[in-house]
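The values are calculated or read from the model by the stated rules, or taken from the named source; none is laboratory data. Being a predicted model, the structure only gives us computed values, none of them experimental. Please note: Cβ atoms are built from the backbone with ideal geometry, for glycine as well, and neighbour counts cover all protein chains shown. We work out accessible area using only protein heavy atoms, side chains counted, and drop any ligands, DNA or RNA first. Shrake-Rupley method; radii C 1.70, N 1.55, O 1.52, S 1.80 Å.
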Amino acid sequence: KALWKKRFGVAAQLYALRRERGDQGVGDFSALGEAAEGAAQAGAAYFGVSPMHMLFPGDRSRASPYWPSDRRFLDPMLIDVLVDDGLPTDEEASAARASLGARFADVAKLPAIDYEAMWSVKRIALQYRFAAFLRARAARGGDPLFSEFDGFVAAGGENLARFAVFEAISRERGGES
């Protein structure tokens, strides 16, 4: 009896995994989930993707996953900001999300990924979502979701703090060397 069995898998550049519905101008974790599910249904044993490292949000023209600003952290451009993910939201965040719909549709229609245009919209959506998260945290503090966030920050420790400072300085100074 053979100890091995032929298997196949799929490999893709995550940024290129686009969706018909909900596309935000670049492949994201929702698109990855859909593609991996389809591959699994076809019998794939694995699904390989390009690196998802944090790129340079202040200079999205530097869009190579092999030239990240930091290899330890994921890039928030890969977050599906339109999915109902169970995170707290409120009227302000919902209104902002609705107002960004046309802009997301515009960047999704482009023939190639426009990292600057995509990020200018996605960043706004993420800022509104995080503000809603902070308002909910202030209003109902003891929810396990907030403890999970605190755990993430604690686990990141000094590396996460230094990374956040680097990104803040980079944004403030416009990426100067």
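Residue count for region 98-122 under the criterion of being under 14 Å from Arg18 (Cα atoms), open to solvent by 60 Å² or more (accessible area, probe 1.4 Å) and in contact (Cβ under 8 Å) with a residue 12 or more places away in the chain: the result is 2. Among the residues of region 134-153, is any in contact (Cβ under 8 Å) with a residue 12 or more places away in the chain, among the hydrophobic types (A, V, I, L, M, F, W, C) and closer than 18 Å to Asp23 by Cα? No, that holds for no residue.
As for region 47-59, it holds no residue that is out of contact with any helix residue (DSSP H, G or I) (no Cβ under 9 Å at 6 or more places or on another chain), assigned to a loop (DSSP other than H, G, I, E, B) and open to solvent by 50 Å² or more (accessible area, probe 1.4 Å).
Being surrounded by 13 or more Cβ atoms within 10 Å (Cβ to Cβ) and more than 24 Å from Leu100 (Cβ to Cβ) is a condition met by no residue of region 125-136. Looking across region 8-34 at every residue that is aliphatic (A, V, I, L, M) and not in a loop (DSSP other than H, G, I, E, B), the one that is most open to solvent (accessible area, probe 1.4 Å) is identified as Ala11. The residues of region 75-86 that are open to solvent by 30 Å² or more (accessible area, probe 1.4 Å) and either more than 20 Å from Glu34 (Cβ to Cβ) or touching an Asp or Glu at 6+ places or on another chain (Cβ under 8 Å) (or both) amount to a single one, Ile79.
Among the residues here, Ser120 does not qualify as farther than 19 Å from Ser30 by Cα and either more than 17 Å from the chain's Cα centre (by Cα) or β-branched (Val, Ile, Thr) (or both). Within region 62-117, track down each residue that is more than 26 Å from Phe152 (Cβ to Cβ), charged (D, E, K, R), part of a helix (DSSP H, G or I) and within 16 Å of the chain's Cα centre (by Cα). If the condition is that a residue be more than 26 Å from Phe152 (Cβ to Cβ), charged (D, E, K, R), part of a helix (DSSP H, G or I) and within 16 Å of the chain's Cα centre (by Cα), then Glu116 is the only one that fits.
Yes or no, residue by residue, for (1) in contact with an Asp or Glu (Cβ under 7 Å, 6 or more places away or on another chain); (2) not charged (D, E, K, R):
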residue: Gly43; (1), (2): no, yes
residue: His53; (1), (2): yes, yes
residue: Arg62; (1), (2): no, no
residue: Tyr66; (1), (2): no, yes
residue: Ser69; (1), (2): no, yes
residue: Phe73; (1), (2): no, yes
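Among residues of region 50-73 that are closer than 16 Å to Ala16 by Cβ and at pLDDT 85 or above, those with a Cβ under 8 angstrom from a residue that is open to solvent by 30 Å² or more (accessible area, probe 1.4 Å) and assigned to a strand (DSSP E or B), sequence gap 6+ or separate chain, pair up as Pro51/Arg71; Met52/Leu74. Considering only residues in region 147-171 that are of a type in the set (D, E, K, R), surrounded by 10 or more Cβ atoms within 10 Å (Cβ to Cβ) and over 19 Å from the mean Cα position of the chain (by Cα), the one that is modelled with the highest pLDDT turns out to be Arg162.
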